[in-house]
2 protein chains.
Amino acid sequence: MRPIDRTLAAHLSVATPGDAVRLCGHVHRRRELAAVTFLVVRDRSGLAQVVIRPSDGQEVPPEETPVEVVGVATASSQAPGGVEITSPVITALSDPALTPPVELWRPALAAGLPTLLDHAPVTWRHRAVRARWELAAASLRGFRATLDQAGFTEVHSPKIVESATESGADVFEVDYFGRPAYLAQSPQFYKQQLVGIFERVYEVGPVFRAEPHDTVRHLAEYVSLDVELGFVRDHRDVLRVLRDVVAGMVEGIETYAAGAVERLGLELPVVPEEIPVVHFSQALRLVGATDDEPDLAPEHERALGAWAREHHGSDFLAVEGYPMLKRPFYTHPEPGDERWSNSFDLLFRGLELVTGGQRLHRLGDYETALLQRGQSPAAYAAYLQAFAHGMPPHGGFALGLERWVARVVGAANVREVSLFPRDVHRVSP
Amino acid sequence: MRPIDRTLAAHLSVATPGDAVRLCGHVHRRRELAAVTFLVVRDRSGLAQVVIRPSDGQEVPPEETPVEVVGVATASSQAPGGVEITSPVITALSDPALTPPVELWRPALAAGLPTLLDHAPVTWRHRAVRARWELAAASLRGFRATLDQAGFTEVHSPKIVESATESGADVFEVDYFGRPAYLAQSPQFYKQQLVGIFERVYEVGPVFRAEPHDTVRHLAEYVSLDVELGFVRDHRDVLRVLRDVVAGMVEGIETYAAGAVERLGLELPVVPEEIPVVHFSQALRLVGATDDEPDLAPEHERALGAWAREHHGSDFLAVEGYPMLKRPFYTHPEPGDERWSNSFDLLFRGLELVTGGQRLHRLGDYETALLQRGQSPAAYAAYLQAFAHGMPPHGGFALGLERWVARVVGAANVREVSLFPRDVHRVSP
């Protein structure tokens, strides 16, 4: 006899009562009452309830054991979706599972972060917690759909690089066939070069920062969403693309992770048609800082977030014109006032989410910028050849996936939204 | 006055003759005749022809210089798409470009591979060559669409790992805050653990192999497409998903990279509804090898490819049941005959494209398998906890993106389809 097709827990509600169904999943919860045992089975789609009577002669294996349940779909007002399974035959698909380090069927995980991280392959099975990565995946679908639609090409740049160019500090060294190489801190140089080939590119991939500080915001490895496009007038063209990308990510969540949003009880941000922009110098005045501050402190960002909500009804605010002094050498200055730059930060609910801007595109400007910073253009020869051979005005931005999800779910520590976080103390599991 | 919206070269054919249009791109080619100069502009969408008469008083900058051209759309039977631009005003958007190392406007790149790779940011601008990565991007769209549709969750696993577990050899060591760590050779262990959380997962990301041999098939870093799913009966369920994934990748190319297919003059493979399967022992007989061969040699694979084409009319052939001796410790044996495994290779036109199979899922089986190979289960504790806490029967496969594109375009060397290849001799640009 042909085996019955598998039914997902979420589809049990549309099963015809009386039909035989086959469910596969983990034992989520078992509750033995006097006359009956309830088994809740968890699969990728949701939960299903199985009712076992003594006459069924069935044993329920320990929680987390994977099982197959073949039984009868039966209407029940108490079951999720209004249908439960009765008269089951339960088959364990592995050996009885060890008791999990935390009870996964409870509404919240009752353990500290180190315990959760040490046992990530088990603790992240929790349905509301797992929802964080469902959000991440749905965000990526929206990210890519927006950019694919706008003529971008997805690319992959190397993660092993010859020199620790972009900042020099906080870089991991690799033993590359007996000579030193480094892990890329960002695809910045590559995505710029690729603008000369594809004009519009994006990349989703790991970046590596040998961040020696143990903070709630930093990881030694994270997923960077990088975008770069040519033939822009200035950074405002980049910001318009960023607006659409963020709107696309929110839409991706709404479309593909509605269940995750519900399990997490989230209110998703509304992305305005046009993101309000203030100049850095104006931002300093708004928060009452002195004119000569070179950067915005976290409390400044929070104050600006509150201001944007009050004056523009927006969760998002772009601050443009950051001082050239605080930006990397490839940053394009503001035409007419070279103290400022054609770059921006995007604040989301008062926290920095994205950095972007226009880049230099003339070889001579690169040479000048590097020499001014005491660096040798010769050390950047591989990168600079793209500019020698003609590069259009261009710009782009980078957004950390974990930071995005942390902001959307309101996680206090970015480690809560990284499957297997890496930091100065942790390189396992 | 509001500037005219940009027109892409590919859309020039639908411009109304007589309308003012604005084009942005690189100078692809300039040809000065006695009475007229032709300028071909290249943008991400294609080529457009601009006609400059002496009375226009316009200079054409050197090839590869980015330009803006504002002019009049004019019907012309000789122009690509039937429309050219006349009476242009040409503005260079950067300094005059240096002459490229190869002439990019010629049908083929006339240079050896080392020159092409040394100047990748320039040489890959060639339209037919660039098409390789358009194929890669379109393949990924098809890959993800197929899996998203089938309930898979996209994940990202760490690339810095604690131990060089999977094979031990050919691993890159990283200085991780003063102690040794390694670059992941594959997401194998992580994708398996994540089956316990998401049931069905996929990952697109870099993998690292310190491959000391300089061959046309191997890179030190490449993009791996990894898939893993739970609640399978055996490896045949995995193979069915693989079939749909490969069909989705071909469909992605057809849908999103039709222009690239045309520029490359390709014939895309047809993926049969069901991929023909032969057992390893049968494959040995088919190619006339002796019973005790532990693996298939390249000439065997070619012979099997020819056999599949002749007997099944298929570019694809799966060989299942590879000897356990040649497969990694996590491989599930064939029930009833443990010399063989529930694993497979997918051959495409007589070359290995994908490796996959069913994995062990019981903790005890892992402990036995590791001990049999003289390894300590304790060294795998972080990985094995997933199995201690209940894992369903599962399996998956991995496919190298560069290898896939190389096969589709018929590239002799995998470096031709890697933007910035990494090997024992090369870590730049």
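Candidates B:ALA145, B:ALA110: the one that is surrounded by fewer than 21 Cβ atoms within 10 Å (Cβ to Cβ) and under 20 Å from A:GLU203 (Cβ atoms) is B:ALA145. Of the helices (runs of 4 or more DSSP H) entirely within segment B:46-152, those holding at least 1 residues that are under 30 Å from A:TYR256 (Cα atoms) and modelled with pLDDT of 95 or more occupy B:127-149.
So that you can scan it fast, the table gives a plain yes or no per residue for (1) in contact with a Gly (Cβ under 6 Å, 6 or more places away or on another chain); (2) assigned to a loop (DSSP other than H, G, I, E, B); (3) within 11 Å of another protein chain (Cβ to nearest Cβ):
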position: B:GLU367; (1), (2), (3): no, no, no
position: B:LEU370; (1), (2), (3): no, no, no
position: B:GLN375; (1), (2), (3): no, yes, no
position: B:TYR380; (1), (2), (3): no, no, yes
position: B:TYR383; (1), (2), (3): no, no, yes
position: B:PRO392; (1), (2), (3): yes, yes, yes
position: B:ALA398; (1), (2), (3): no, no, no
position: B:ALA406; (1), (2), (3): no, no, no
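Of everything listed in (1) β-branched (Val, Ile, Thr); (2) in the same structural domain as B:PHE208 (by TED's automatic domain parsing); (3) farther than 26 Å from B:ARG243 by Cα, the single unmet condition for B:VAL354 is (3). Within the option set A:THR74, A:THR115, being buried (at least 16 other Cβ atoms within 10 Å of the Cβ) and β-branched (Val, Ile, Thr) holds for one residue only, A:THR74. Tell me, yes or no, whether segment A:100-108 has at least one residue that is aliphatic (A, V, I, L, M), under 26 Å from A:GLU254 (Cβ atoms) and not assigned by TED's automatic domain parsing to the domain that holds A:GLU402. Scanning segment A:100-108, I find at least one residue that is aliphatic (A, V, I, L, M), under 26 Å from A:GLU254 (Cβ atoms) and not assigned by TED's automatic domain parsing to the domain that holds A:GLU402, so the answer is yes.
When segment B:373-429 is limited to residues that are without any contact (Cβ under 8 Å) to a residue 60 or more places away in the chain and of a type in the set (D, E, K, R), the one that is farthest from B:SER343 (Cα to Cα) turns out to be B:ARG407.
Every residue, every condition in (1) surrounded by 18 or more Cβ atoms within 10 Å (Cβ to Cβ); (2) touching a helix residue (DSSP H, G or I) at 6+ places or on another chain (Cβ under 9 Å); (3) among the hydroxyl-bearing types (Ser, Thr, Tyr), yes or no:
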| position | (1), (2), (3) |
| --- | --- |
| A:THR290 | no, yes, yes |
| A:ASP295 | no, yes, no |
| A:HIS311 | no, no, no |
| A:SER314 | yes, yes, yes |
| A:VAL319 | yes, yes, no |
| A:TYR322 | yes, yes, yes |
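Quick check on this structure: which one of A:GLU63, A:GLU84 is more than 11 Å from chain B (Cβ to nearest Cβ), farther than 30 Å from A:ASP423 by Cα and of a type in the set (D, E, K, R)? Break it down into steps so the answer makes sense when it comes.
Working: A:GLU63 fails: more than 11 Å from chain B (Cβ to nearest Cβ).
Result of the check over A:GLU63, A:GLU84: A:GLU84.
Every test in (1) among the acidic types (Asp, Glu); (2) closer than 20 Å to A:LEU419 by Cβ; (3) more than 7 Å from chain B (Cβ to nearest Cβ) is passed by A:GLU228 save one, and that test is (2). Please find, within segment A:1-45, the residue that is surrounded by the most Cβ atoms within 10 Å (Cβ to Cβ) out of those that are free of Cβ contacts under 8 Å to residues at least 12 places away in the same chain, away from chain B (no Cβ under 14 Å) and in a loop (DSSP other than H, G, I, E, B). For segment A:1-45, the residue satisfying everything is A:LEU33. Candidates are the residues of segment A:191-217 that are touching a strand residue (DSSP E or B) at 6+ places or on another chain (Cβ under 6 Å) and farther than 29 Å from A:ARG407 by Cβ; the one that is nearest to the other protein chains (Cβ to nearest Cβ) is A:GLU199.
One residue stands out in segment B:102-118 among those that are within 17 Å of B:ASP423 (Cβ to Cβ) and not small (Gly, Ala, Ser): the one that is farthest from the other protein chains (Cβ to nearest Cβ), namely B:LEU113.
Residues that are at the interface with chain B (Cβ under 9 Å from one of its Cβ atoms) and within 28 Å of A:PHE152 (Cβ to Cβ) within segment A:119-137 comprise A:TRP133, A:GLU134, A:ALA136, A:ALA137, listed in sequence order.
State yes or no: is B:LEU140 more than 19 Å from A:GLY205 (Cβ to Cβ), under 18 Å from the mean Cα position of the chain (by Cα) and of a type outside the set (Phe, Trp, Tyr)? Don't jump to the end; show me each part of the working.
Details: more than 19 Å from A:GLY205 (Cβ to Cβ): no; under 18 Å from the mean Cα position of the chain (by Cα): yes; of a type outside the set (Phe, Trp, Tyr): yes.
So B:LEU140 fails the test.
From the list B:LEU225, B:LEU266, the one residue that fits, being within 22 Å of B:GLY356 (Cα to Cα), assigned by TED's automatic domain parsing to the domain that holds B:TRP307 and within 17 Å of the chain's Cα centre (by Cα), is B:LEU225.
Please go through segment B:159-190 and give me each residue that is more than 10 Å from chain A (Cβ to nearest Cβ) and touching a Ser or Thr at 6+ places or on another chain (Cβ under 7 Å), ordered by number. Hits for segment B:159-190 are B:GLU166, B:GLN185, B:SER186, B:PRO187.
Please specify each residue of segment B:232-246 satisfying the condition of being over 20 Å from B:GLU402 (Cβ atoms) and either crowded, with 21+ Cβ neighbours inside 10 Å or more than 13 Å from chain A (Cβ to nearest Cβ) (or both).
Step one: list which residues in segment B:232-246 are over 20 Å from B:GLU402 (Cβ atoms), which gives B:232-241, B:243-244.
Within segment B:232-246, B:VAL232, B:HIS235, B:ARG236, B:VAL238, B:LEU239, B:ARG240, B:VAL241, B:ARG243, B:ASP244 meet the criteria.
One residue alone among B:VAL216, B:VAL204, B:VAL195, B:VAL232 is over 25 Å from A:GLU203 (Cβ atoms), under 19 Å from the mean Cα position of the chain (by Cα) and touching a residue at least 60 places away in the same chain (Cβ under 8 Å), and that residue is B:VAL216. Figure legend. Inter-residue proximity from segment B:283-294: first residues closer than 19 Å to B:LEU346 by Cα, second residues surrounded by 12 or more Cβ atoms within 10 Å (Cβ to Cβ) and of a type in the set (Lys, Arg), beta-carbon distance below 6 Å, spacing 6+ or different chains. Indicated pairs: B:PRO294/B:LYS326. On the given criteria, is A:GLU402 closer than 23 Å to A:GLN192 by Cα, part of a helix (DSSP H, G or I) and of a type in the set (Asp, Glu)? No; evaluated as a whole, the condition is false for this residue.
Within segment B:330-343, which residues are under 18 Å from B:VAL354 (Cα atoms) and either outside the structural domain of B:GLU228 (by TED's automatic domain parsing) or touching a Phe, Trp or Tyr at 6+ places or on another chain (Cβ under 8 Å) (or both)?
Kept after step one, since they are under 18 Å from B:VAL354 (Cα atoms), are these residues of segment B:330-343: B:330-332, B:341-343.
Passing the criteria: B:TYR330, B:SER341, B:SER343.
The values are calculated or read from the model by the stated rules, or taken from the named source; none is laboratory data. Values in this document were obtained by computation on a predicted structure and should not be read as measured data. Counting neighbours? That spans all protein chains shown, and the Cβs are built from the backbone with ideal geometry, glycine included.
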